[in-house]
Amino acid sequence: MVIARGSGQKLSNGTWTLMLGKAHAGKTDFACMCAYSRDRVEDFSMSTYLYGVTGEFLTALPGTPINRKVLISPFTTGAWLLLGLSIFLVTILTYVIIMSGNGSQDMQLHPKPQVWYISISTPIAMFADQSVAIPKNSHKIFALWLFYNLVMSTCYR
């Protein structure tokens, strides 16, 4: 720990002065301050979330690079193809189940565009963990499909 006169301020170029500058540059492990500011909260990790008339110790937050490939890399190409194929098949199966239910009661119960919308949006909403009304007569199919996806996502990581 380095003791300096004052905590420090953020300069226009993004660097800090005094104790906070030394902590931000990695020359010391932590610094002390007496008041919060928006700049300090963005660049430092506070030791307490309560404001009081006490000294607070700070540590610099390291920069985190963002890797865009992380969305694709958990699965192999074959696993992605199987997941896509399963979504396609469950969409077609849902469409067939809803249309067969349409024919048994009333042909105009659901128009075809609405049936396609339900068939496509239900699997996607289930993947996104959104609440969705599962069409009648398709609960078992969706239960098996979700179990399949659970196995796929767990085993192929």
Check: Looking only at segment 131-145, which residues are surrounded by 10 or more Cβ atoms within 10 Å (Cβ to Cβ) and in a loop (DSSP other than H, G, I, E, B)?
Finding: VAL132, ILE134, PRO135, ASN137, SER138
Notebook entry, point to check: All but one of (1) part of a strand (DSSP E or B); (2) modelled with pLDDT of 80 or more hold for TYR95; which doesn't?
Noted result: (1)
Item checked: Residue selected from segment 114-130 under the condition free of Cβ contacts under 8 Å to residues at least 12 places away in the same chain and of a type outside the set (S, T, N, Q), by the criterion surrounded by the most Cβ atoms within 10 Å (Cβ to Cβ) -> ALA125
Next item on the list: State all residues of segment 98-129 that are part of a loop (DSSP other than H, G, I, E, B) and at pLDDT below 75; if no residue qualifies, say none.
Entry: ASP106, MET107, GLN108, LEU109, HIS110, ALA128, ASP129
Check: Filtering segment 24-41 down to residues that are touching a Ser or Thr at 6+ places or on another chain (Cβ under 9 Å) and within 16 Å of GLY14 (Cβ to Cβ), which residue is modelled with the highest pLDDT?
Finding: ALA25
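The values are calculated or read from the model by the stated rules, or taken from the named source; none is laboratory data. None of the values given here were measured: they were computed from a predicted structure. For neighbour counting, all protein chains shown are included, and Cβ atoms are generated from backbone atoms with ideal geometry for every residue, glycine included.
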